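For reference, the structure discussed in these notes is given below.
The values are calculated or read from the model by the stated rules, or taken from the named source; none is laboratory data. These figures come from a predicted structure and were not determined experimentally. Neighbour counts are summed over all protein chains in view; Cβ atoms, including those assigned to glycine, are modelled from backbone coordinates with ideal geometry. Surface areas here come from the heavy atoms of the whole protein model, side chains and all, with no ligands, DNA or RNA. Shrake-Rupley method; radii C 1.70, N 1.55, O 1.52, S 1.80 Å.
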Amino acid sequence: MAKLLRVNLAKGQVHYEDVPEKYRLLAGRSLTSQIVLDEVEPICEPLGELNKLVIAPGLFAGTRCPNSNRIFIGAKSPLTGTIKESNAGGTVARKLAKLGIKGIIIEGKPASDAWNVLVIKKDEAILVPSQELVGLGNYKTMESLHESYGAKVGIMSIGQAGEMMLSAASVAVSDPDGLPNRHCGRGGMGAVLGSKRIKAIVVDDTGADDAIAEIADPEGFNEVCKEWTKTLAANTVGLKNFGTTNLVNPINAVGGLPVKNFSQGSYDRFEKINGQALAAACIGNGGRVGHACSPGCVVRCSNVYHDKDGKYVVSAIEFETVALFGSNLDIDNLETIARLNRLCNDYGVDTMDVGGAVGVAMEAGIASFGDEEAALDMVEQIGKGTILGRLLGNGSTITGKVLGVTRVPASKGQNMSAYDPRALKGTGVTYATGTQGADHTLGNGLPGRFGVDTNSKDQQVEISRKLQIMTAVVDGLGLCLFIGPMPPTMDTLVKVFSKYVGKDITLDELLERGKDLLRVEMSFNKLAGFTNADNRLPEFFSNEPLEPKGVVFDITPEELDAVLNF
Ligand code: SF4
C-alpha cells in the first residue's frame, strides 16, 4: 500500500500515514496542489512555519508508462504568492514509487537553525544533521552525499540560493549521472525547502519491491504503454536530435524570441544559439544529444554540454535558458550560456527568473547588453550573496523595483519563460491567467499548435484554455510535458488511465480531472487574495509594438477574465 511521509520539523518527527481515499488517484501536480489547498493557510507567509512543501512522484512512476518518472514539488510560492508546482525528471521519482511513497509533506518551523538531510530508505526515514554541507553548491553537495550514501541513491538538494531563501531558488534533482542537473526551478520551491532547514533529501530504494504501482489491469496497461512508447519515440525525433532548443528557429520566425529584455522579437544571430548549433557543439566537443534525464524516458530531449576543451560543463541546456541568457542578453556564445547555466544549477536558481533579472539589470545600466563577463559576474554574485546577487536571485520583479525598471517581463512576480506574449498570444494568455504566474508549462501556445497564427488574437483565448486543461491532465497524472498536451495524447491517456483504474473512462472524464486541478489552484489563489485584476500582463506589452511583426498583446481584460471561467 502506498503511503504518505510526513516530516514535522517543529516536533522533529518523521512518520508514515495512510493515503486518504480522496488522494488515491491523485499524483504529481494534482496531489501537491490538493494537499496545499487542504493543509496550507492561503494567506500564510511562504517562508514561515505555516507553509508546507509537498513532494509527489507521478501516478505511473515505476511502471512501463513512458516518461512517467517525474517528481513534482508544491507549496505556496515566495515568488508569486500563489499556489505553485514545479517538476523535474531525474532519478528520485522512480525510487520513491518503488518505496511506495505517494507523497512527502514537510511542515512546521524547525526548532533550531541547524540543517538536516532527510534520508529515506526501505525501512526508515530519518533527519540527519548536516551542518557540514552548509554553504556548498549543489554539485559538491551531491558529491558528498553520494560518498556517504552510495552512488545509486537519488538526491534532491538546494544550493546557496535555497539556503538564503531567495525567491527564485530551485530544488535540484540528481540526473542518471548523479549530478544536480534537473531542477524544480520555478516559484522558489528551493527557498521553501531552505526555510525548513532541509539541505537535501536522499532516497535509497535498495531492497524495494519493483512492482509497487496499483494497476487494476497490468497486462492491458503494459500493452497500451508498449504501443505508445513506439509512437512517442517516432513522433519526437526533433527533440531527441536538437533538444528543446529546436524551438529557437520557429520562435524566432514568428518574432517571439526575447532580445535585449524583450525589446525585439527576432535575433539576427539566432543561428549561433539554435538547436543545430547546440547539437553540433555537444557532439563536437565530446558531449551528447538524445540524453534521457530520467529512467523510462523515450523522448530524450536532454543534452550534455562539454566546453571547447572537451571538459564537462552542464546538462541540459534548454531553449528557455538559451533564450533568456542568450538573445535576451544579446549573448550569442553557447560557451558562456553553458557556464551561466552551470552556475545557476550549482547555486540552485531558476535560469528563467535569473536570465530575466539580468536582462532587467542590463536595462537599468548595471552592465551593457552583450557583456558576457558582466553577466557571469552578476550570476556569480548570487552564490556570493552580495546585495546585487540577492536581488537577482529574487527574480526580475524585485530587481526591476529596486533598480527602477518598469519594463519587467513578468506576471504575478514570475519572469516570462522566453516566449514574447505579443507574438505568441496563446502563451501570453496563459502567462496572464495561469494559476502560477508567467509559466509556459501551464499551457504553451507554440507555433503549429491548432494551426493558428500565433501573432493574431484569433482563437487564442480558447487555445490557452484548452492547453491549460490538457496540461493539467498531464501534470495531474505526473507525466513529462514532452509527451505533448494535445488531443492525440489525451486519447492515449484515456486508454492508459482506463487500464490503470480497471474501467473505461471517457475523454470528458479525463479532461474533467484537468479542470478539477485548475479549480483547486484557483480556490487557493482566491483565498490568498488574488482576483481577476491580477490576471494581467505589464502595460508595455500592450503599448510597445514588437518588431519585426509590429504586434502588441491585444487580448482584452474581458477576454482574459473568460479564460478559466468554468
Ligand atoms: S523528454 Fe526531456 S524532460 Fe522529459 S523526461 Fe525525457 S529528457 Fe527529461
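The table below gives the values:
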quantity: Mean-position separation - Cα centroids, the stretch 102-118 and the stretch 464-493, in angstrom; calculated: 32 Å
quantity: Filter on 109/515; 272/311; 3/84 - keep pairs with C-alpha separation over 28 Å; calculated: 109/515
quantity: Residue 512-residue 561 FRET efficiency (beta carbon distance; Förster radius 25 Å; 0.05 resolution); calculated: 0.70
quantity: Theoretical ellipticity at 222 nm over the chain - DSSP helices of four or more residues, -39500 (n - 2.57) apiece, nearest 500; calculated: -11500 deg cm²/dmol
quantity: Residue 143-residue 335 FRET efficiency (beta carbon distance; Förster radius 25 Å; 0.05 resolution); calculated: 0.60
quantity: Stretch in the chain that is longest and holds no trypsin sites (Lys or Arg not before Pro) that DSSP places in a loop and that have at most 12 other beta carbons within 10 Å; calculated: 312-502
quantity: For the chain, accessible area per residue (1.4 Å probe, heavy atoms of protein chains only), Å²; calculated: 35 Å²
quantity: Exposure rank, largest accessible area first [92, 520; 1.4 Å]; calculated: 520, 92
quantity: Within the accessible area of the chain (1.4 Å probe), percent carbon and sulfur; calculated: 50 percent
quantity: Longest site-free stretch - the chain; sites: GluC sites (Glu not before Pro), DSSP loop, at most 11 other Cβ within 10 Å; calculated: 125-538
quantity: List 148, 195, ordered by accessible area with a 1.4 Å probe, largest first; calculated: 148, 195
quantity: Phi to ³J(HN,Hα) by Karplus 6.51 cos²θ - 1.76 cosθ + 1.60 over the stretch 96-101, Hz, x for Gly, Pro; calculated: 4, 4, 4, 7, x, 9
quantity: FRET efficiency, residue 214 to residue 532 (Cβ-Cβ, R0 41 Å, nearest 0.05); calculated: 0.55
quantity: Semi-axes of the equivalent ellipsoid for the chain, Cα gyration tensor, largest first, Å; calculated: 32, 27, 24
